[in-house]
Structure formats: structure tokens, C-alpha cells
Amino acid sequence: MLTVETWAEIRRLHIVEKLSKRTIAKRLAIHRSTVTRALASQLPPRYTRPPRPSPLDPFKPKIHALLDLYPTLSGVRMRELLEAEGYQGRQTILNTYLRDQRGSRRSPLVYERTEYVPGMFAQVDWAVMPDRVPYDGELRRVYAFLMALCYSRMLYVEFTLSCRTEDFLRAHRRGLEFFHGTPQRCVYDNLRTVVLRRRGRDVTFSPQFLAFAGTYHFDPHACWPAQPHQKGLIERPAGYLKRNFWAGRTFRDFREIGPQGWDWLDRANQRIHGTTHRRPVDMWAEERARLITLPAVPYDTDVVLALRLQRWGHRVRFDTNDYTVPATCLREGTWVTLRADDREARFFQGDTLVATHPRCWARHRQVVDPAHAQSLRPQRPATYYAQIETAFLSRYGEIGRTFYTGLGTKTDRLEQHLHTILRLETTATPEQITHAMAQAITAGTFDAGAVAYALYRRATPARATVAPLPSSFDIDVPTRDLQGYDALVEDA
């Protein structure tokens, strides 16, 4: 069989190197007639296999007739009908043939362009950026929230590191504030943050999202699954964002995206739109009067959580990161309330703000306020002992120093003795405690218990004098007759 490689070499040798057919046949070890046939053909040889008969051939007229009557007939049911007429082939070739036939019978979809009324519709969607971007030493995926008014094509874009419910609602609220109003209906894909469940036309929206929609007075609409043309007005800006803004840019940190994105968005809303042939910002000036007025109190999109304090280090864990709080928080309770947006994380005990930190979007980090670390130092053993020692020596003067020196030579539990003496001030004055320590020093007893006993004796009134008991020789004891005892012994 003449291959394409041999055909090309024959033609090259004859046309370029001017070799004869006989020489070419000898060099390539082929027959001379093969050389003649290759030179006569202007097209490369093609191998064609003769068609093989298919088990479906006798049944194709029947298949076409059934498809005309029942276009959605399943492959299993089709095989059952054909087996009644003698079909013995496999299900696979039948399914392949049915797929080809249905594809050739399906007419191409034709869409009608929608004309929008000002202030009526907006479309919302997420877009995933093609490249990961550094954030605090980690490569993170970047998401873009997009919202467009359908009449004016006015576009809003916000970049985030997360697309959870609170991030979606926060960006959505800022988009409505960017437009200075709310359209009457917002169109969405079947986002998890919007649609909890869908069964055909029955759509169950998220309760939190419905609360948001009720606050801004718009009607939510979820597109039919796998029908992107129903929100094509926002699909096009997503591609435009990736090609026109993201492509060709390099970001050293996620924080660089925001300022560059705002500059790009300002230019994008002032360009001549390819469909309307007008600037979106000019058409938005007309549409703005038709938008619903924003509520006086915006929807609260903060993350609100009750979090337990960790005893080690007095920290609170949120989104894998540990945030410090003052050491005094444990005295008030073991729980704090978190309120977090995309910029700050604030911690409350009751209505009192106890700590504020920048929101950390990295993972497994320690977010520490130096003031909180300073508040932990008095609880360390060495610092605590130093505080007790300083308080003792400053309160009781030279007598206190003498007693402190004596304590150091008599006991290893110096801190406990000092703390016990300081606590005596709940019932005695420093002067009284100093006097009691002087008595203990005179007695040579260096012990907190001796000081406490001296204070007790000082506070207890002296007892009344009691008459001494008579001695034994002053007591008149009658003499008893022992014969009665002898009689008892004899009777026994």
C-alpha cells in the first residue's frame, strides 16, 4: 500500500532531484508502476475502509418512524420494540445511532434580544479569576462579584477571597449602594447562597437571602438550570473582565487588585457599549430615577458568632485564626460575641467592645494585640511574686523587712506567707499588722500564723478571773463501809 510518506518522497525525488522513475523505484525498493501512480496523483493517498454491515441496517426505517412519532423515546424502550421484530444487536450501537439521529433532527436554538425597561432588571453572578494571587505569603484564589443594571449596562465589580453567604450579601449591598438604588427584580444563577433547593419551577430561596431582598424591596428570580442565555447580560462582562482587566496584569498582593479594579471599572462604565452604542454612565443617569430608594438602615451583613474563650493565651478562634482579647475577659465569662466584616473583627462581652483586630484572610495565623499580651504578664508566676514582694516591703517598713528576712531563713513557702499576711488587711490595719510582726520577731517566731495569732489575741477581750479549784486535801470524802462489798462477793 502506498503511504503518504512514500508518495511525498517519490514526488520530491522526481521533481526536485530530477531522478527517473527507474532510479526512484530502485532507491525506494518499490515497483515502477507504484512510482508512476504516485506521480500521476496530485492528492496524497487516503485509506478508505469499505463500509461494514451493521445489525441496525434492517431496522433503520423502523427507528426513523418511531422517532418521528416519539422524539424522546428512550434507547431501552426502542430496543424492546426492535427485539419484537428480530433485533439482536447490543444496546451501545443503538444508543450511538439514536444520539446521532436526535442531534441531526434538533434545530439550532435562536434567541430573541430582550429590550429592558429602565430600573426594572439587574443581573448578578460570581466569576473565578484565572490566576491565584499572593496574600500574606499564601497563594489564594480570587473571586469577582459582578452586578449589572440591564437597561444602562452600568457595571459593579468587587474582588474577594471568599464567596460565602456573608461575602455575597456584603458585595450585593455595596453594589446597590454604588447604583444609588435598587432595581425591581434581580436575576441570579442557582447559587447556593441564593437557592436552597429547586424542583422544576418550584424554587426555595435561602431565608437569609430573602431577608436581604425584603430589606431592599426587590423580587429575586433564579434562572432555569443550564440556561446561561437567561442571564447573558452578566456573562459577557465576566469574560470582558478576564480579558480586558485581568489579562496582562501581575499582582504582588491581593490588596493591589482593589485600587486597579476601581480605575478599570470607572473606564469601563464610560466606554461606548457595543450593544447600546452609548456610555453606561449616561444611561444610568436616566435609569437612576426609576430605581427603588435604598432603606435608611442598611442590611447587616456582618458575621455574628458566639465564641468560647481559650484559656491558654486568652484567644478566640475564628475561621482557623486565633485573635487575642484582654486577660480580664475571663473574669466576665468564657464567651464573647464576634462581629466581623471584610475589614475588621470586633469582639464584645455583652454590649462592651473588648477588642478590635484587622480581619485576617490567611489561615492558621495568630493575630495578637501587644496591649493584650501586656495584660497577661501580671498573671505570670514571677511577675505575680514580684508584685506581692513589693507590696509587702512598701507597707510594713523596717519591721516588715526584718520579718521578710527571717521568713526567708525559716520557710520555702515565702510567697504563701507574704500573701497570707497581706490578706490580714481585710480585718486589720497595716499598723496593727506591723505591731503583730514585731511581737513575732521578739518571740523569734517567723511565721504568718504567729502574726495572725497575735492579731487574734489583740482583738479578743481578756477572760474574767476564775476562782481556783480546791486542792485534794481540802475535800471532805466520807469513809465507806466495805463489808457490803464483801457480802456481794460472797453471794457471787
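Readers should treat all values here as calculations from the given coordinates under stated rules, not as data from a laboratory. Since this is a predicted model, take the numbers as computed values, not measurements. Neighbour counts run over all protein chains shown; Cβ positions are idealised from the backbone, glycine included.
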Item to complete: For segment 251-315, list log₁₀ I(q)/I(0) at each q in 0.23, 0.25, 0.26 Å⁻¹, using the Debye formula over Cα point scatterers of equal strength and ignoring solvent, two decimals each.
Response: -1.00, -1.01, -1.03
Fill in: Evaluated at q = 0.25 Å⁻¹: base-10 log I(q)/I(0), Debye formula over Cα of segment 57-105
-0.97
Worksheet item: Suppose every K and R has +1 on its Cβ and every D and E has -1 on its Cβ; what is the size of the dipole of segment 121-290 about the Cα centre, in Debye to the nearest 20?
Response: 380 debye
Worksheet, complete the sentence: One finds the C-alpha centres of segment 189-248 and segment 291-367 to be spaced, in Å, by 30 Å
Worksheet item: Expressed as an acute angle from 0 to 90° and rounded to the nearest 10, what is the orientation of the C-alpha long axis of helix 430-443 relative to the principal long axis of the chain?
Response: 60 degrees
Practice prompt. Provide the per-residue ³J(HN,Hα) series for segment 259-276, in order, calculated from phi with Karplus coefficients 6.51, -1.76, 1.60 and θ = phi - 60°, each as a whole number of Hz, with x at glycine and proline positions.
Written response: x, 5, x, 5, 5, 5, 5, 4, 5, 5, 7, 10, 7, 7, 6, x, 9, 7
Worksheet item: Applying the Karplus parametrisation 6.51 cos²θ - 1.76 cosθ + 1.60 with θ = phi - 60° to the phi angles of segment 340-350, what ³J(HN,Hα) value in whole Hz is obtained for each residue in order, glycine and proline being reported as x?
Response: 10, 10, 7, 10, 10, 10, 10, 10, 10, 10, x
Worksheet, complete the sentence: Kirkwood Rh over alpha-carbon pairs of segment 57-213 plugged into Stokes-Einstein at 37 °C, 0.692 mPa s gives a D in µm²/s of 161 µm²/s
Worksheet item: By a straight-distance test (C-alpha under 26 Å), which lysines pair with LYS242 as possible cross-link partners, with residues fewer than eight away in the same chain excluded?
Response: LYS231
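Using the Cα centre of the chain as the reference point, and only Cβ charges (+1 on K/R, -1 on D/E), how large is the resulting charge dipole? Debye, rounded to the nearest 20. Don't jump to the answer; show the numbers that get you there.
Working: 71 positive and 53 negative charges, 1104 e Å.
So the magnitude is around 5300 debye.
How many Å³ per residue does the convex hull of the Cα positions in segment 155-194 occupy? Working shown, then result.
Working: hull volume 3.1 nm³, N = 40.
Taking only Cα atoms, segment 155-194 has a hull volume of 78 Å³ per residue.
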Fill in: Whole-number D in µm²/s for segment 121-290 (Stokes-Einstein; Kirkwood sum over Cα pairs; 25 °C, 0.890 mPa s)
146 µm²/s
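Between Rg and the Kirkwood Rh of the chain, both from Cα atoms, what is the Rg to Rh ratio? Please report the intermediate quantities before stating the final value.
Numbers: Rg = 47.5 Å, Rh = 34.4 Å.
My calculation of the ratio gives 1.38.
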Worksheet item: Share of Cα-Cα pairs in segment 303-376 beyond 20 Å, in percent?
Response: 18 percent
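With viscosity set to 1.567 mPa s and temperature to 4 °C, compute the Stokes-Einstein D of segment 1-87, Rh being the Kirkwood radius across alpha carbon pairs; µm²/s, no decimals.
Details: Rh = 17.1 Å.
The diffusion coefficient I find is 76 µm²/s.
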Practice prompt. Name the residue farthest towards the positive end of the dipole of the chain from the options THR405, GLN439, GLY86, assuming +1 on Cβ of Lys and Arg, -1 on Cβ of Asp and Glu, about the Cα centre.
Written response: GLY86
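Sort 424-431, 395-402 by packing, meaning the average of other beta carbons within 10 Å per residue, with the highest value first. Mind showing how you got there, number by number?
On the way: 424-431: 12.4, 395-402: 14.8.
Those peptides, ordered most packed to least, come out 395-402, 424-431.
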